[in-house]
Amino acid sequence: MRVIHWFAMAAVLAPTPLAAQALPAVRAQASVPAARPRTAAVQALFDGYVRDRRMPGIVGAFGTGDAPPVFVSAGRIADDPRAGRAGPDTLWRIYSMTKPVTAMAAMMLVEEGKMGLDQPLSNFVPRFAGVRVLARPDAGLESRPAVRPITIRHLLTHTSGLGYTIVTKGPLLKEYERLGLVPFQVEARTEALARAARPTSLKDFAERAATAPLIADPGTRWSYSIGLDVLARAVEVAAGVPFERFLATRLFVPLGMTSTFFTVPAGEAGRLATSYAYLGARGVPFDPGAASVWLRPPSFPYGGAGLVSSARDYDRFLRMIQNGGALDGRRVLKPETVRLATSNLLPPGVRFTGGGAGGYGAGGYVVTAGPARGTYGWSGAAGTLAWVNPLAGTRATVMVNYFPPERVPLRRDVSAALGAGL
C-alpha cells in the first residue's frame, strides 16, 4: 500500500500547495532590535490571535544580549476551556526546527576533527559510494553516475541531491514511499501506514536512502531534503554513540534543555499541546496532546523533524548560538565554529531558493545583507519559528501547532510587533 504521508492529509483539510507548507518563507527576516523587546505589542498580537480563534494558544520567547528571555503567552494548549494555559514550558512539535539542532551536533564533530565539511558521506555510510542521479526525473528511475560524492556540507545545506516526500514528485516520490523514507510523524492514522514501510533504525534508513537516485548532482542545487536525517546517522557513526544519546549528553544536558524529546515521557503528556489542522476558520484536532503519537518512541530518531520542545528550551539553544557556543558557563562549541555554522556554507554557484535570505548555513537560512545581516534561523511545519542574530545579540522563538503554517502570517506579524520591520 502506498504510504500517505502527513502533508497529504493536511492537503485534504487545507488546499495549500504542499511545497508552500514545507518551506518557510524567509523574506529577509529582520532580527529583534537591540533594545528590550516590545512585549506589550507582542502580547496584544497574541491575545488577538486567540480572541479571534486563529489558534488555541501561542508562546513566544524573546531575548537580547545577556538578559534573560522575555516570555509572552496567550491562550491554552487545546481548544477546550478546561485545557491548561500555554506557557514557557508547554511542549510543541517543532518539526524542522530539529534541523538546526542536528546541524550543530554535526558541527561539534567538525570542530573535533571527527568529521569534515567537505568529507564524503560514504566515509560514514559506505553505501553512499557511487551515488547515481536521475536521468529523466519525470519519466522513471533511470539514472547515471553522479559527478561528485555527497559531502557533509551538502547534507547541512540541502545541496546533496537527496529528495523529500513533502516536495519530491513523480516516480522518485513513489520510490521514497516504497522504501519508507518518511522520517516524520504527525498523527495516529498516517503513522500506522508510515511505520509499515519505514526503517526501524537510522542505519537502515540511511542505507535505504543511498539506494534511491538523486534529483541532481551533489553541490549543484538547493532542494529541501532528508539530508539532515541522513546526517544524524553520520553523526552517530563519527561519534561512536547513538544519535539521540549524543544530543542528550553533548547538547541538551549541558544547555539545561530539560523539555526537549524525541519521545514525550508519559508523565509530561499534560504539557503537550494539541496539534490542529484548519479548513478556513474550522480547526480539527489533528494530534491530541493526551493521546499523541509523540508519547510512543518513533521508528528511529528523526534528525530532520523529530523533536518536541518548549519555548524555554529552544531559547536556550538559540542563546547558546547567540553567545558563541556557551551558556551559563558551559561551552559546547567554540565561537569560531558557531560563526562558521551560521555563515553561508552553500557550494559555489548555488543559491538558496527558499526565500530572500541570501545564504544557507548549517541547517538554517542565513541573511547575508541588509539590516538583518547575520540572522540565522529556520521554522517548523506546524507553524513554529526561530531565529537568532549573533551580530546583534538578539533571538526569538515562537511556538504554535497548526496546519497549514501559512494560514497566519506569524513571521511578518511578530517582526512588526517587535518593531523590526521587514
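Note on R82/R330: beta-carbon distance plugged into 1/(1 + (r/R0)^6) with R0 of 45 Å gives a FRET efficiency of 0.70. Computed from backbone phi, the HN-Hα couplings of the stretch 377-390 come to x, 7, 9, x, 5, 9, x, 5, 9, 7, 8, 9, 10, x Hz, rounded to whole numbers (Karplus: 6.51 cos²θ - 1.76 cosθ + 1.60, θ = phi - 60°; Gly and Pro given as x).
Percent of Cα pairs in the stretch 286-422 per distance bin of 10 Å, from zero to the largest separation: 11, 36, 36, 16, 1. Apply the Debye scattering formula to the stretch 38-87, with a single equal point scatterer on each alpha-carbon and no solvent, then give log10 I(q)/I(0) at q = 0.12, 0.14, 0.17, 0.26 Å⁻¹. So the normalised log intensities work out to -0.27, -0.36, -0.50, -0.92.
Here the chain is treated with +1 on each Lys and Arg Cβ and -1 on each Asp and Glu Cβ, and its dipole about the Cα centre works out to around 300 debye. Between R373 and R412, residue separation times 0.36 nm minus the direct Cα-Cα distance comes to 12.3 nm.
By the count of other C-beta atoms within 10 Å, a proxy for reagent exposure, T337, T159, T165, T353 are ordered fewest to most as T353, T337, T165, T159. For the stretch 27-162, a Kirkwood hydrodynamic radius built from all Cα pairs, placed in the Stokes-Einstein relation at 25 °C and 0.890 mPa s, yields a translational diffusion coefficient of 126 µm²/s.
Comparing P126, A396, L272 along the charge dipole axis of the chain, the residue lying farthest to the positive side is A396, per the Cβ-charge model.
Residue-normalised convex hull volume from the C-alpha trace of the stretch 186-232: 105 Å³ per residue. Spacing of the modelled spin labels on V147 and V253, each 7 Å from Cα toward Cβ, amounts to 4.6 nm. The slack in the chain from L295 to T200, taken as 0.36 nm per residue of separation less the alpha-carbon distance, amounts to 32.5 nm. With contacts taken as Cα pairs under 8 Å and at least 6 residues apart, the stretch 284-422 reaches a relative contact order of 15 percent.
With a Cα-only, solvent-free Debye model of the stretch 109-150, what are the log10 I(q)/I(0) values at q = 0.22, 0.23 Å⁻¹? Calculated log10 I(q)/I(0) at the listed q: -0.75, -0.78. Taking GluC sites (Glu not before Pro) across the stretch 108-192, the ones in a DSSP loop with at most 12 further Cβ atoms lying within 10 angstrom of their Cβ are E112, E142. The stretch 331-388 has equivalent-ellipsoid semi-axes of 18, 16, 11 Å, by the square roots of 5 times the alpha carbon gyration tensor eigenvalues, sorted largest first.
When the charge dipole of the stretch 219-324 is built from unit charges on Cβ atoms (+1 for Lys and Arg, -1 for Asp and Glu) and taken about the Cα centre, the candidate among P301, V235, Q322 whose Cα reaches farthest toward its positive end is Q322.
Looking at the stretch 209-363 alone, DSSP beta bridges between its own residues are antiparallel in about 100 percent of cases. Shape summary of the stretch 102-187, radius of gyration then Dmax from alpha carbon positions: 14.7, 44 Å. Within a straight-line Cα-Cα reach of under 29 Å, K169 can be paired with the following lysines, leaving aside sequence neighbours fewer than 8 residues apart in one chain: K99, K203. For the chain, the relative contact order works out to 26 percent when only alpha carbon pairs closer than 8 Å and six or more residues apart are counted.
Each peptide in 178-185, 82-89, 57-64 receives the mean, over its residues, of other Cβ atoms within 10 Å, and ordering these scores from highest gives 57-64, 178-185, 82-89. Full extension of the segment from L391 to R51, taken as 0.36 nm per residue of separation minus the current Cα-Cα distance, would add 118.8 nm.
A convex hull fitted around the alpha carbon atoms of the stretch 163-262 yields 128 Å³ per residue.
Each DSSP beta bridge with both residues in the chain is either parallel or antiparallel, and the antiparallel ones are about 90%. Rg over Rh for the chain works out to 0.94, both radii taken from alpha-carbon positions and Rh defined as the Kirkwood radius.
No value in this document is a laboratory result; all are computed from the given coordinates. Owing to the predicted nature of the structure, the values given are computational and were not obtained by experimental measurement. Glycine also receives a Cβ, built like all others from the backbone with ideal geometry; neighbour counts cover every protein chain displayed.
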